[in-house]
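Shown next, in C-alpha cells, is the structure this report addresses.
The values are calculated or read from the model by the stated rules, or taken from the named source; none is laboratory data. What you see is a predicted model; the values in this text were computed from it and never measured. Note: ideal-geometry Cβ built from the backbone for every residue, glycine included; neighbour counts use all protein chains shown. Ligands, DNA and RNA are stripped out before the accessible areas are found, and what is left, the full protein with its side chains, is counted by its heavy atoms. Shrake-Rupley method; radii C 1.70, N 1.55, O 1.52, S 1.80 Å.
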Amino acid sequence: MKSEYILDYPVFSDKFKKTHTILIPSFLDSHMDLIAGVLEKKGYKVRLLTNTDTMLVREGLKYVHNDTCYPALCVIGQFLDALRHENDLDHIALVLTQTGGGCRATNYVPLLRKALNNSGFGQVPVITLNLGNLKASEGIKITVPFLMDLLSAITYGDTLMFLYNKTRSYEKENGSSLKLVNKWKKFLREQLCLGKASTPRKIKKNLKNMVRDFNALPLNDIKKVKVGIVGEIYVKYAAIGNNNLEKMLIEQGAEIMVPGVFGFLLYCFANGEYDHRYYKTKLSKKIYNSLLLRFISHYENLMIKAIKNNSSFTPMKPFKETRKESIGIIKHGAKMGEGWLLSAEMSELIKTGYSNIICAQPFGCLPNHVCGKGVMNKLKSLYPESNITPIDYDSSASKVNQENRIKLMLAVAKEKLNSEN
Ligand code: SF4
C-alpha cells in the first residue's frame, strides 16, 4: 500500500532482488547479522550499516523537523549519510522496521521518504517490516516460512544478547565473551542463509551449544553493580540513539541486563487481544493476534529452556509472567509506545536483582514519559530498594549531563553494594 503523503516513489518489488543492495540501519548488534542471513536466504543482497558516529543525527536534522521523534532523526540521519557515500544509488534500497500502533513511529516511513526526496535520493526504494502488523509490511512479503526464519533469528539474537550481558563484565580473559558472540553470529548467519537453522530441532541444538559455550567461559567471581536498561525500543538498543550507553556502563564497572526483543514483539500482539476486548476490533484480528502470541511464545520458551537446562544463569521470565508484573502499577490500556511493558520490565528487573535501572527515553516522547517516568514513584513505593534514573536522549541533549546522572545513580548503587558486603 502506497503512502498517502508522497504519491510518487519507487516501490521495492521482486525484480529489484537481484539488482539492489538493501542497507540495514544499526540497531540490535546481536540480531541484525542474523536477520541479514534470513534475507540472504530469500535471495536479497544486504549490507549492515557501520557508520555509527553519534553526530549522524545532524544529517537527519537537515531534512526532518527537530520536533520529530529522536529515533527517526537518528535512523534517517544514518541512511542519508550512508547514501552520500554510495557510488551506485540506482541499485540501493533501504529497510526500516516499524512498530505499528497509534504512536508516531507509524509515520517514520513517510518522514524518510520526504527526506529522501528532498535530499536528492528520491529513486531509492524503502522496504518496511511492520512488527506490530505483519500484513502492513511493504516491499517484502512476510510469509509463514519467512516469519519462522525471522523468529529463529530473534531467538538466537535474544539468547546471544542475554549471554553476552551475563558474561562480558566478569570475563577473566579480556574480550573472550565478544569473541564468542562473533563466532556464533558468523556461524548462525551462514546457517540461516543456507536454511539450516530454523527447524525446532536445529534451534534447540544450536541454543544448547551456544549456552554451553558461554557457560564454560572462565569468569571472575566478583560482585558488581547490576543495572537494567529499559526504554523506548530504539534508544534502548541502538548505540547511536543512547550515546553508547552499554559501553559506558561496562566501563564504569557495572553488569547490565537489557530485556530482549521478544518482550516487545509479544507486547504488540497482546495489545491486539486487548483491543478486541475493550474496543471491539474485528474477531478475525483478535484470532490473528492470539495465534501469533502463542506461536512467538513457543520460540521464547525454547530460549528460556536452553538457558535453564544448560547453564548456571537465571533466564528472564517468559512474557506471560512479565505481563503480570505491571498489574497494580499501570493498566494494560496504556499501550502507546512501550506502554505498560516498561513498568512490567522494570518490576521484573528489580525482582531479579537489577534494582538499578536506566529508563532511556527520547526527549519529548510523551507515551514513554507517561508510562516510564510517570510510574517511577509507584515503583519506588512498591520497591524501596529500587534506584531508577530516567535519561532523555535528544539531538540537543548534553552527553556530559546524561553521563553525570548515570554516574550519580552508579555511585548510589556502589555504596549500597559495599554496605552489603
Ligand atoms: S514511542 Fe516516543 S519516540 Fe517512539 S514514535 Fe512514539 S513518541 Fe516517538
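Set side by side, the residues 58, 113 differ, and just one is open to solvent by 10 Å² or more (accessible area, probe 1.4 Å) and among the basic types (Lys, Arg), which is 58.
On the basis of being in contact with a Leu (Cβ under 9 Å, 6 or more places away or on another chain) and surrounded by 13 or more Cβ atoms within 10 Å (Cβ to Cβ), does residue 157 make the cut? It is true that residue 157 is in contact with a Leu (Cβ under 9 Å, 6 or more places away or on another chain) and surrounded by 13 or more Cβ atoms within 10 Å (Cβ to Cβ). Total residues in segment 335-358 satisfying the condition of being over 16 Å from the mean Cα position of the chain (by Cα), within 15 Å of the ligand (Cβ to nearest atom) and among the hydrophobic types (A, V, I, L, M, F, W, C): the figure is 2. Looking across segment 35-52, just one residue is open to solvent by 30 Å² or more (accessible area, probe 1.4 Å) and among the small types (Gly, Ala, Ser), and that is 43.
Is one or more of the residues making up segment 318-332 more than 16 Å from the ligand (Cβ to nearest atom), farther than 30 Å from residue 272 by Cα and assigned by TED's automatic domain parsing to the domain that holds residue 256?
no
The C-beta contact set for segment 157-184 (first residue in contact (Cβ under 8 Å) with a residue 40 or more places away in the chain and among the aromatic types (Phe, Trp, Tyr), second residue open to solvent by 40 Å² or more (accessible area, probe 1.4 Å) and assigned to a strand (DSSP E or B), distance under 9 angstrom, 6+ apart or interchain) comprises 170/219.
Where helices (runs of 4 or more DSSP H) sit wholly within segment 193-258, those with at least 1 residues that are more than 16 Å from the ligand (Cβ to nearest atom), open to solvent by less than 10 Å² (accessible area, probe 1.4 Å) and within 30 Å of residue 146 (Cβ to Cβ) occupy 200-215.
Residue-level analysis places residue 108 among those that are surrounded by 22 or more Cβ atoms within 10 Å (Cβ to Cβ) and not in a strand (DSSP E or B). Looking only at segment 61-90, residues that are within 16 Å of the ligand (Cβ to nearest atom), surrounded by fewer than 20 Cβ atoms within 10 Å (Cβ to Cβ) and not polar (S, T, N, Q) come to 3 in all.
The residues in segment 61-109 that are under 18 Å from residue 235 (Cβ atoms) and touching an Asp or Glu at 6+ places or on another chain (Cβ under 6 Å) can be counted, and the count is 2. Close Cβ contacts (under 8 Å, 6 or more residues apart or on different chains) running from residues in segment 74-88 that are over 14 Å from residue 120 (Cβ atoms) to residues that are open to solvent by 10 Å² or more (accessible area, probe 1.4 Å) and small (Gly, Ala, Ser) comprise 78/26. Of all the residues in segment 370-386, those that are within 15 Å of the ligand (Cβ to nearest atom) and either of a type in the set (Ser, Thr, Tyr) or open to solvent by 60 Å² or more (accessible area, probe 1.4 Å) (or both) number 2.
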